[in-house]
Amino acid sequence: MLPMNLLFDYVPLVVKDHLSLLTFFSVLTYVLFLVHWVVSTDWEAKFNWCSLIIGLTGLFYLHYSHVILILDYEPFFFSIWVLLLLYHLSVWKSNYSKIKEALKSTNVIASLKPFDGSIFRYFIVLPKMKNAAGQWNTPPFQNAIHVVLILLYIALLLLHMIPFLTPLRCIHDASTNCCRYNFVMDHFHLHSVNVNYCSGPVRIGFVGSWSTGKTSIISALLGHNYSTAQIAPAPTTDKFICLAMGASYSDPIRSDDYEMRKNCDVMSHMNDITQKLCGKSQPNVLDVADENKEFQDFVFFDTPGYQAEYLNECTYQTFYSQLIEKMDFIYVVWDVHHGKIDDHFATLFVDKAHGRDYEIIYNRFEESRSNMAFLNQQYGKMTKGYEILSEGYILKVHENSTEYKEQFQEDILMLRSKILSVNQTVHDNRKITMKETLKKYRGDITGLDSLRKIKIGDRLIQRDLNIHLQPKRGILRYFWMEL
């Protein structure tokens, strides 16, 4: 059983996708080929069959699902395609020249006359046998196989050359890196980015269980409650809220305010992904504008409290996990009074780095009631179990306590300075994230345009997303050339 599983791993993806149909045609082709091979003594026809198999293997096996092999030995395969193209082109040209001369001859073969001026003259060869009446037989369509093979090898060569052209949808895109990245990650919906990602405002997400104080902390940072904020001991935030600062008003973003609305375009992007994966979008989303100028280069995301009751709801789970993936930095707001961190929620952070991707806010902290042992126990679920938090590595916020009122103000000032410092590294971090994702999924890219995707992806990895190289735009890029 194991050898069969190993063998199945090497079956091209195009075969796995259309197994029953391709099995039928494979058996039929094998039978026809076997009969033809046994009966025929025409070695040119046999070579054409072999050439057809080589070409189709290159197109549907190598280019479709094993493009890494082509990339490693591209000069070799490219040379084979060129040599076979030249061979079939020369044979076709020779056969057609004979047909053209025969049609121009004063003694035109009668069976050739119907093909004079017809497009079918490109597909026939001179007849070699006569019938019982001494007339030449109808010319066979033996030149058609060469036309098919010429087109096949031209297609293969184009697949090698098209990677040097910028995708059409990225030609006039303001953010070519993001557009080209999305082109490469076309079938990996969860890892695509919105159009405003590469140059848009910094995204800060506040997540956690219900009523841990996420909305209260955001309001404290702004210096006032944002327009739709609801603060109470029970769960109040029932929507995924995108809060864009620097507006001239504090209200839900107006439908015609495209300048502010584009700061929240990630919400539409995440809903597009949710629609593709779940068949419907997440309805509980809201874009809100705020007059705060200090954070005008930021977008805050306030979220409903994460609850295990919604684990089976596809739209909620997909949208929530996407929001965590799309943030530049996340603050996990934890309150010891709310007990454990949900196990599934914790898994969303296992592959993230504490301090680089997220920080834990120990809200409603009280010196006499702090429980670092319990927090570390919960934090262990968010990591691979190798790290231990100390009080110096968490943000303590003394909310809802008159005893610590002044301390709370200091906590918010410290949090404010930390958030503002994120802006200095966010665009580098975005490049690093995109680069790591491209490397991770490079070997999983399939499809007839996979060579193009991998080459564009490699250029992004080696040059355009390399934070240690000075960004430059080659003159050929203005002519849509990927060189």
I'd like the FRET efficiency for residue 347 and residue 374, computed as 1/(1 + (r/R0)^6) with the beta carbon distance as r and R0 of 22 Å, rounded to 0.05. 0.70
Could you work out the mean projected area of the convex hull around the alpha carbons of the stretch 276-375, in square nanometres to one decimal? 8.7
In Å, descending, principal axis extents of the Cα set of the stretch 118-202: 87, 24, 19
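Roughly how compact is the stretch 172-233, stated as its Cα Rg over 2.2 N^0.38 Å to two decimals? Walk me through the numbers before you get to the answer.
On the way: Rg = 17.3 Å, N = 62, 2.2 N^0.38 = 10.6 Å.
Its radius of gyration relative to the 2.2 N^0.38 Å reference: 1.64.
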For the modelled label position 7 Å from the Cα of residue 151 along Cα-to-Cβ, which residues of the stretch 79-104 have backbone nitrogen atoms closer than 17 Å? 85, 88-89, 92-93
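So what's the net charge close to residue 105: Lys and Arg +1, Asp and Glu -1, counting the other residues with Cβ under 15 Å from its Cβ?
+3
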Long-range amide H contacts for residue 211: which residues qualify at under 5 Å (H placed 1.01 Å from N, peptide plane, sequence gap of 5 or more or a different chain)? 236, 305
For the stretch 115-149, which trypsin sites (Lys or Arg not before Pro) pass both filters: DSSP loop (anything but H, G, I, E, B) and at most 11 other C-beta atoms within 10 Å? 128
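Under the 0.36 nm per residue contour assumption, what length would be gained going from the current alpha-carbon distance of residue 463 and residue 312 to full extension? If you can, show how the numbers build up before the last one.
Numbers: separation 151, 0.36 × 151 = 54.36 nm, distance 4.17 nm.
The residue 463-residue 312 span can extend by a further 50.2 nm.
Given a 1.4 Å probe, how much area per residue of the stretch 283-374 is accessible, in Å²? Intermediate values should be presented prior to the final figure.
Working: 3750 Å² over 92 residues.
Result: 41 Å² per residue.
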Could you tell me the distance between the Cα centroids of the stretch 65-91 and the stretch 121-184, to the nearest Å? 14
Averaged over all viewing directions, the convex hull of the alpha carbons in the stretch 48-145 casts a projected area in nm² of 7.8
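With all distinct Cα pairs included, what does the Kirkwood hydrodynamic radius of the stretch 217-319 come out to in Å, to one decimal, could you say?
Values: mean 1/r = 0.0689 Å⁻¹.
In the stretch 217-319 this quantity evaluates to 14.5 Å.
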Give, in nm to one decimal, the length gained when the segment between residue 230 and residue 161 is fully stretched (0.36 nm per residue of separation minus the Cα-Cα distance). 19.1 nm
Long-range HN-HN contacts of residue 397 with modeled amide H, under 5 Å: 362, 363, 364, 365
With DSSP loop assignment and no more than 15 other C-beta atoms within 10 Å, the trypsin sites (Lys or Arg not before Pro) in the stretch 251-285 are 254, 280
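Please report the net charge: other residues with Cβ closer than 12 Å to the Cβ of residue 163, K and R +1, D and E -1.
Details: positive: 180, 452, 453, 455, 459; negative: 74, 449, 458, 482.
Net local charge, residue 163 excluded: +1.
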Round to the nearest 10 and report in Å² the accessible area of residue 309, as given by a 1.4 Å probe over the protein chains' heavy atoms. 140
Cα to Cα, under 16 Å, and not fewer than 8 places away if on the same chain: which lysines meet these conditions relative to residue 326? 262, 352, 431, 435
Quantify, in whole percent, the carbon and sulfur part of the accessible surface of the stretch 158-273 (1.4 Å probe; protein heavy atoms only). 56
Can you pull the one-decimal nm distance between simple spin-label points at residue 293 and residue 268, each 7 Å off the Cα toward Cβ? 2.9
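Multiply the residue separation of residue 30 and residue 83 by 0.36 nm, subtract the distance between their alpha-carbon atoms, and state the gained length in nm to one decimal.
On the way: separation 53, 0.36 × 53 = 19.08 nm, distance 2.59 nm.
That pair, residue 30 and residue 83, stretches by 16.5 nm at full extension.
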How much accessible area does residue 103 have with a 1.4 Å probe, in Å² rounded to the nearest 10? 30
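The values are calculated or read from the model by the stated rules, or taken from the named source; none is laboratory data. A quick note: this is a predicted structure, and the numbers were derived from the prediction, not measured. Please note: Cβ atoms are built from the backbone with ideal geometry, for glycine as well, and neighbour counts cover all protein chains shown. SASA here: full protein model, heavy atoms, side chains in, ligands and nucleic acids out. Shrake-Rupley method; radii C 1.70, N 1.55, O 1.52, S 1.80 Å.
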